[in-house]
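S.K.: Before we start, here is the structure in question, set down as structure tokens.
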Amino acid sequence: MSQSSPFFNRWLSRIGPDQVLTILTDLLDAGAVFAVDAGGKVLFWSKGAEKLFGLTAEAVLGKPCAETLGCEEGQDPCGLAELGSIKAQIVNPKRANGERVTCYRTARAFFDANGEFAGALEFLRPQAASETALGIRENSESFHGILTRDPIMLEAIKIIRNVAETEATVLIRGESGTGKELVARALHQESPRHQRPFLAINCAALSPSLLESELFGHVKGAFTGALRQHDGLFQRAHGGTLFLDEVAELPLELQAKLLRVLQEQSFTPVGGDAILNVDVRIIAATHRSLREETKAGRFREDLMYRLRVVPVFLPPLRERRLDVNLLLWHSIGLHNLHGRRHVDSIAPDAMRRLLDYSWPGNVRELINVVEYAFAVGRGNELSLDDLPPEFREVKPAAIPETQAAAGHKTFRGEADLIREALQITGGNLEAAASYAGMSRATFWRKRKKYNIDPVADFSGADG
Ligand SMILES: Nc1ncnc2c1ncn2[C@@H]1O[C@H](COP(=O)(O)OP(=O)(O)OP(=O)(O)O)[C@@H](O)[C@H]1O
């Protein structure tokens with residue numbers, strides 16, 4: 001069906017197609033719109049294009065578009081004659097000041113009555129920092145809110161995807177704040193049980209008697225104060241998933257009761273004598289080694305085997321340096337959307353401290369650090385002064401031993417940060433600049449200053 005009324009063409013010629021196109025593209029002020037002829041010469045250049053590239057229409061009209069936008073990075077500058085249309089292609093056109101800007105390119109070619117390429121209309125929308133952080137271009141992954149570029153985390157996600165379909169019990173091991181609950185929720189969401197409840201309990205947070213009544217419920221009069229019957233989590237999670245966080249802290253007497261539910265899908269509420277049957281999938285998590293706990297006699301061996309049918313390990317954040325960068329920018333992007341401050345760069349000394357930090361509270365701590373920076377700091381650059389005191393006090397020489405043991409380099413300065421960024425990204429300048437918290441132009445300048453050659457030294461590095 002046509003998108004316009006039969007009167008549109010008449011109206012268009014009365015107003016003037018040129019004026020209509022100009023006004024229309026003004027309405028799209030989030031990016032640049034331009035038209036080219038069959039030879040790639042610019043025929044139309046919107047106000048948004050002037051703003052984005054710092055080039056007036058007067059300076060650009062009639063010039064080859066590839067030259068105007070500095071398409072020299074081995075990318076096909078056009079490709080439209082063959083493809084006909086392009087959607088959300090990532091390109092890096094050049095601004096008047098020489099800086100490159102990452103954009104999404106959407107374009108449509110026109111063909112004349114003989115099928116000959118007759119030019120095209122293009123729309124370039126600059127990519128937001130938060131989109132880069134979300135890893136839309138790089139090989140990162142967002143899976144039910146879990147952001148990562150770390151190979152071990154990606155492997156964990158793969159396992160979760162595969163076991164979600166099954167009924168297997170999963171044991172997630174990781175330090176506090178590494179995302180164990182997030183992963184458990186993802187597993188539930190991916191499973192056939194996703195329309196039934198997902199309930200969670202921290203086994204370390206309650207006294208043994210309260211924990212028992214929370215898990216299994218109690219009948220009226222079961223103990224002093226049990227004024228009415230209470231349905232436990234196992235009953236309420238029927239058909240769904242129960243997440244037992246810090247399962248290693250479960251008292252031995254409750255371990256026996258949990259084992260029975262796992263083996264027989266049945267239990268008796270506190271003070272009751274009727275056996276209740278339930279269908280609940282268990283996902284357990286711990287920061288301890290259950291094997292060690294078993295050896296020490298604190299955890300039942302039979303229960304350990306029941307729980308760790310599929311073990312999943314989440315590494316601490318200090319061992320996932322690519323994720324520090326990714327999660328920082330993701331968190332910054334969220335604050336940029338809602339706060340009064342807009343951060344688009346991180347000062348190199350601040351970035352160095354963030355990357356060198358041992359993150360004992362893992363991702364939860366990182367989120368809080370960004371919140372702190374937005375609460376106390378001002379301006380577009382996140383500086384060292386915006387970070388909590390522990391970041392400002394730590395000298396590179398005083399980096400915790402755990403990190404040194406984990407094989408982390410300590411930085412001596414900006415040059416080291418640039419080298420590390422190139423090393424870890426295999427010489428990809430765009431990704432390396434993002435890793436170092438610098439704009440591409442600044443990264444380029446500093447790389448030159450320290451005479452670091454990305455091609456000779458780092459391309460093909462396995463990062
Ligand atoms: N990879 C990730 N991507 C995005 N957000 C994450 C990631 N990992 C953790 N988070 C966020 O960090 C916070 C802590 O995560 P979560 O509660 O899942 O950790 P945990 O290991 O269960 O912690 P604890 O053992 O202390 O309960 C949450 O806000 C969570 O959304």
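The values are calculated or read from the model by the stated rules, or taken from the named source; none is laboratory data. This structure is a prediction, so every number in the text was calculated from the model and none was measured. Cβ placement follows ideal geometry from the backbone for every residue including glycine, while neighbour counts extend to all protein chains displayed. These accessible areas exclude ligands, DNA and RNA; they are computed on the full protein's heavy atoms, side chains included. Shrake-Rupley method; radii C 1.70, N 1.55, O 1.52, S 1.80 Å.
S.K.: What number, in percent, do you get for the relative contact order of the chain if the mean sequence gap of Cα pairs under 8 Å and at least 6 apart is divided by its residue count?
M.R.: 11
S.K.: Compute, for residue 372, the solvent-accessible surface of its heavy atoms (probe 1.4 Å) with the complete set of protein chains present, and express it in square angstrom to the nearest 10.
M.R.: For residue 372, solvent-accessible area is about 70 Å².
S.K.: Which of rounded, prolate, oblate describes segment 241-282, given a ≥ b ≥ c as roots of the alpha-carbon gyration tensor eigenvalues and a/c under 1.5 marking rounded, otherwise prolate only if a/b is larger than b/c?
M.R.: oblate
S.K.: Run the dipole for the chain about the Cα centre, Lys and Arg Cβ at +1, Asp and Glu Cβ at -1, nothing else charged, and hand back the magnitude in debye, nearest 20.
M.R.: Roughly 400 debye, rounded to the nearest 20.
S.K.: Which one, 255, 387, 351, is farthest towards the positive end of the dipole of the chain when Lys and Arg carry +1 and Asp and Glu -1 on their Cβ?
M.R.: Most positive-ward Cα: 387.
S.K.: What are the ³J(HN,Hα) values, in whole Hz, obtained from phi via the Karplus relation 6.51 cos²θ - 1.76 cosθ + 1.60 with θ = phi - 60°, for each residue of segment 108-121 in sequence order, with x given for Gly and Pro?
M.R.: 9, 8, 10, 10, 7, 4, 8, x, 7, 4, 10, x, 7, 10
S.K.: Quick one: putting +1 on the C-beta of Lys and Arg, -1 on the C-beta of Asp and Glu, what dipole do you get for segment 263-329 around its Cα centre, in Debye to the nearest 20?
M.R.: 420
S.K.: Each residue of segment 48-63 in turn: what ³J(HN,Hα) in whole Hz from Karplus with 6.51, -1.76, 1.60 and θ = phi - 60°, glycine and Pro shown as x?
M.R.: With coefficients 6.51, -1.76 and 1.60, one gets x, 5, 4, 5, 5, 9, x, 10, 6, 4, 4, 6, 9, 4, x, 8 Hz.
S.K.: A further question follows. Extending each Cα 7 Å along its Cβ direction at residue 223 and residue 207, get the distance between those two points in nm, one decimal.
M.R.: 0.7
S.K.: First check a/c for the chain, with a ≥ b ≥ c the square roots of the eigenvalues of its C-alpha gyration tensor; if it is under 1.5, answer rounded, and if not, answer prolate when a/b is larger than b/c or oblate otherwise.
M.R.: Here the chain falls in the prolate category.
S.K.: Another question, if that's okay. Would you mind telling me the share, in percent, of accessible area of the chain contributed by carbon and sulfur at probe 1.4 angstrom?
M.R.: Ligands and nucleic acids excluded, carbon and sulfur give 52 percent.
S.K.: How large is the accessible surface per residue of the chain, computed with a 1.4 Å probe and reported in Å² as a whole number?
M.R.: 50
S.K.: Among 307, 271, 325, which residue has its Cα furthest toward the positive end of the charge dipole of the chain, with +1 on Lys/Arg Cβ and -1 on Asp/Glu Cβ?
M.R.: Among 307, 271, 325, the one farthest towards the positive end of the dipole of the chain is 271.
S.K.: For a test of the definition: using alpha carbon positions, the gyration tensor, and the 1.5 limit on a/c, classify segment 162-248 as rounded, prolate or oblate.
M.R.: The shape class here is oblate.
S.K.: Still on this structure, I have one more. Quick check for me: using +1 on Lys/Arg Cβ and -1 on Asp/Glu Cβ, what's the dipole size of segment 324-389 about its Cα centre, in debye to the nearest 20?
M.R.: Rounded to the nearest 20 debye, it is 140 debye.
S.K.: Let me have the relative contact order for segment 151-314, percent, based on Cα pairs under 8 Å that are six or more residues apart.
M.R.: Worked out over segment 151-314, it gives 34 percent.
S.K.: Towards the positive end of the charge dipole of the chain, with charges on Cβ (+1 Lys, Arg; -1 Asp, Glu), say which of 20, 377, 191 has the farthest Cα.
M.R.: With unit charges placed on the Cβ atoms, the residue in question is 377.
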